[in-house]
Amino acid sequence: MGYLQRHLKYVLALSQLFGVLPVSGIFSDDPLRLKFSWLSWKVLYTCCLILLTFFLVLMAFYNLCTNDFELPNFTTFVFFSNGFIVITVFLKLATEWPEFMRYWHSTEMFIKSKVLLPKRFVSLPFIILSAAAIEHGLFVTYCITFEEFNGNITINGFEHFMTNDVYVFNYISYTW
């Protein structure tokens, strides 16, 4: 297995939980076993997430247009739009990932850079994912603190979703 693929396999496995990079064979030692297939459950999962995220983008855009372009509504629209674009771009990348990893493996064998590459390619995704997790954690903490400041001290995660993204339920029914 190439060094890049070997050191990214756990990051790729984690990313597949979020519907990103639906490629099979990421734990294989042979880059020839990496495969992308449109007829796989991973791609179906990614496509479902793309459709759901697109629905949220439409609802956020409609909410933005009907509420005089307020800043919190614009932030929600940008957040869901970003998620939609990221998942779509990574689906495109997944179609080319097996070929890219085969090319990268041959390049690694040619230049024999076994010492420097692994640390760079493990630390960079870790730093990016850690920064995203910290940012999201701070945002959720801010939202919950804001709810506590407004007197909703007993709010839980579902209640938080119901109070902040209520515009979604203006157009679809739900049961409690």
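The values are calculated or read from the model by the stated rules, or taken from the named source; none is laboratory data. Not measured: the values here are computed from a predicted model. Neighbour counts are summed over all protein chains in view; Cβ atoms, including those assigned to glycine, are modelled from backbone coordinates with ideal geometry. Calculation scope for accessible area: heavy atoms of the full protein, side chains included, ligands and nucleic acids excluded. Shrake-Rupley method; radii C 1.70, N 1.55, O 1.52, S 1.80 Å.
Of the residues Leu4, Leu12, Leu39, Leu44, the single one that is part of a helix (DSSP H, G or I), open to solvent by 30 Å² or more (accessible area, probe 1.4 Å) and of a type in the set (A, V, I, L, M) is Leu44. Any idea which residue in the stretch 71-109 is nearest to the chain's Cα centre (by Cα), counting only those that are among the acidic types (Asp, Glu) and more than 15 Å from Arg6 (Cβ to Cβ)? If we take residues in the stretch 71-109 being among the acidic types (Asp, Glu) and more than 15 Å from Arg6 (Cβ to Cβ), then Glu96 is nearest to the chain's Cα centre (by Cα).
Looking at the stretch 11-18, is at least one residue modelled with pLDDT of 80 or more, among the hydrophobic types (A, V, I, L, M, F, W, C), in contact with a helix residue (DSSP H, G or I) (Cβ under 7 Å, 6 or more places away or on another chain) and closer than 27 Å to Trp104 by Cβ? The answer is yes; a qualifying residue exists. Only one of the listed residues (Leu124, Leu138) is hydrophobic (A, V, I, L, M, F, W, C), surrounded by 11 or more Cβ atoms within 10 Å (Cβ to Cβ) and modelled with pLDDT of 65 or more. That residue is Leu124. Report yes if Phe27 is open to solvent by 50 Å² or more (accessible area, probe 1.4 Å), closer than 19 Å to Tyr103 by Cα, of a type in the set (Phe, Trp, Tyr) and not in a helix (DSSP H, G or I), otherwise no. Yes; evaluated as a whole, the condition is true for this residue.
Just checking, which of Thr88, Thr95, Thr76 is assigned to a helix (DSSP H, G or I), closer than 24 Å to Ser28 by Cβ and among the polar types (S, T, N, Q)?
Of Thr88, Thr95, Thr76, the one residue that is assigned to a helix (DSSP H, G or I), closer than 24 Å to Ser28 by Cβ and among the polar types (S, T, N, Q) is Thr95.
Within the set of pairs 6+ apart or on separate chains, which have a first residue in the stretch 124-145 that is in contact (Cβ under 8 Å) with a residue 40 or more places away in the chain, a second that is surrounded by 11 or more Cβ atoms within 10 Å (Cβ to Cβ) and in a helix (DSSP H, G or I), and C-beta atoms under 6 Å apart? Sorted first by the residue in the stretch 124-145, then by its partner, the pairs are Pro125/Val11.
For the stretch 80-108, filtering for residues that are more than 30 Å from Leu32 (Cβ to Cβ) and in contact (Cβ under 8 Å) with a residue 12 or more places away in the chain leaves 4.
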